[in-house]
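J.: Okay, here's the structure, questions in a sec.
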Amino acid sequence: MSELSVNHLLGIKYLKEEDIQLIFETADHFKEVINRSIKKVPSLRDITIANIFFESSTRTKLSFELAEKRLSADVINFSAGQSSVKKGETLIDTVNNILSMKVDMVVIRHPNPGAGIFLSKNVNASIINAGDGAHEHPTQALLDSFSIRERLGSVAGKKVVIVGDILHSRVALSNIFALQLQGAEVKVCGPRTLIPKYIESLGVGVETNLRKALNWCDVANMLRIQKERMDLSYFPSTREYTQQYGLNSAILKSLDKEIVVMHPGPINRGVEITSDVADSGQSIILDQVENGVAIRMAVIYLLASKIKQ
């Protein structure tokens, strides 16, 4: 397979396994590029990309911007907090105004699920979903799988547990789709109040005991509690959550095997994961950050090559 089967990256559920493998092979190449002394390639000198973020983001935004610049694209950054959106402008008007400046690709983060899909049907540009509400965050899931493949050799046949706030997490849903597509087994672990009712219909196991989940898995992906998306109290206190679902070195050492620890960031150190675990040899958290740039370079490059046709 030499090109993606899609014209936009709206969610993992629209991809085929061959798409993921193509993205990974392309990211392998770009990972070599970003570890050279000259980290840029002239691949996208004639492409203009707009980053439109309606929600605050540090890591994802920086990662996309760096990926775009490494590919030599022209980049426009747009933050909705300081824009006409506050004056009542619609999403389509906002994006069409930006596209009238001859933009080829839009990277969008939006609090409403489906915003990227809506845009892809209404504007003439390639759309990359950088997170839409609690729906999907496809590039995060791709970089997570890529990081597992790098550490363990492959994703197929691996057992991955996603721990924490599954209910409010777009990372969890995208990861479930991506891991299953590549032949991994997936469980979720957390308080019942933070596990969506529909989750088992996706072929995902549910475990409420952290120790049992860790004994089962090869990889533990620790999610943070998304307080900014909570309008209710889903557990008695942060302290109680940490006692039941926080990962510390004592628990890791007590397991009968060595597991890989991941975290999509930002980390609440001392809540879902302690510093000694986050900074340990079993953690691939910093690899995830580095791989995020290579994966986003690959996605942008592959989608841009379809624009050029």
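Computed from the coordinates by the stated procedures, all read-outs in this text should not be read as laboratory data. Predicted model only: the values in this text are computed from it and were never measured. For neighbour counting, all protein chains shown are included, and Cβ atoms are generated from backbone atoms with ideal geometry for every residue, glycine included.
J.: Where does each of 214-225, 97-108, 149-160, 34-45 land if you order them by average Cβ count within 10 Å, highest first?
T.: The peptides rank, most packed first, as 214-225, 97-108, 149-160, 34-45.
J.: Can you give me the long-range amide H partners of ILE76? Hydrogens built in the peptide plane at 1.01 Å from N, cutoff under 5 Å, separation of 5 or more residues or another chain.
T.: Here the answer is ILE49, ALA50, ASN51, since their amide H atoms fall under 5 Å of that of ILE76.
J.: In terms of modelled amide H atoms, which long-range or inter-chain residues lie less than 5 Å from the amide H of VAL206?
T.: VAL188
J.: Can you give the angle from 0 to 90° between the axis of helix 138-152 and the longest principal axis of the chain, with both taken from C-alpha atoms, to the nearest 10?
T.: Result, in degrees: 50.
J.: What does the convex hull of the alpha-carbon atoms of segment 1-81 project to on average, in nm²?
T.: 6.4 nm²
J.: Under the √(5λ) rule applied to the eigenvalues of the Cα gyration tensor, what semi-axes describe the equivalent ellipsoid of segment 27-159? Give them in Å, descending.
T.: 28, 20, 12
J.: Kindly express, to the nearest 10 degrees and within the range 0 to 90, the angle between helix 285-307's C-alpha long axis and the longest C-alpha principal axis of the chain.
T.: Result, in degrees: 30.
J.: Report, as a whole number in µm² per second, the diffusion coefficient that Stokes-Einstein gives for the chain at 20 °C and 1.002 mPa s using the Kirkwood radius over alpha carbon pairs.
T.: Reported coefficient: 108 µm²/s.
J.: Mind checking the angle between helix 170-181 and the chain's longest principal axis? C-alpha axes, 0 to 90 degrees, to the nearest 10.
T.: Between helix and principal axis, roughly 90 degrees.
J.: So, one more: Amide H of LEU247 versus every other amide H placed in the peptide plane: which residues, excluding those fewer than 5 positions away on the same chain, fall under 5 Å?
T.: Here ILE273, THR274 satisfy the definition.
J.: Divide by every residue of the chain the summed helix terms, -39500 (n - 2.57) for each DSSP H run of at least 4, and state the resulting mean residue ellipticity at 222 nm, rounded to the nearest 500 deg cm²/dmol.
T.: Helix-only estimate at 222 nm: -12000 deg cm²/dmol.
J.: In Å, what Rg and Dmax follow from the Cα atoms of segment 138-284?
T.: Final numbers for Rg and Dmax: 14.0, 41 Å.
J.: Provide the per-residue ³J(HN,Hα) series for segment 23-28, in order, calculated from phi with Karplus coefficients 6.51, -1.76, 1.60 and θ = phi - 60°, each as a whole number of Hz, with x at glycine and proline positions.
T.: Result, rounded to whole Hz: 4, 5, 5, 5, 5, 4.
J.: A further question on this structure: Quick one: what are the phi-derived ³J(HN,Hα) couplings along segment 102-113, Karplus 6.51/-1.76/1.60 with θ = phi - 60°, whole Hz, x for glycine and proline?
T.: Running phi through 6.51 cos²θ - 1.76 cosθ + 1.60 with θ = phi - 60° gives 6, 8, 9, 9, 10, 9, 10, 10, 8, x, 8, x Hz.
J.: How much length is gained if the chain between LYS253 and ASN96 is pulled fully straight, taking 0.36 nm per residue apart and subtracting their Cα-Cα distance, in nm to one decimal?
T.: Fully extending the segment from LYS253 to ASN96 adds 51.1 nm.
J.: So what's the net charge close to LYS257: Lys and Arg +1, Asp and Glu -1, counting the other residues with Cβ under 14 Å from its Cβ?
T.: Around LYS257, the charge tally is +2.
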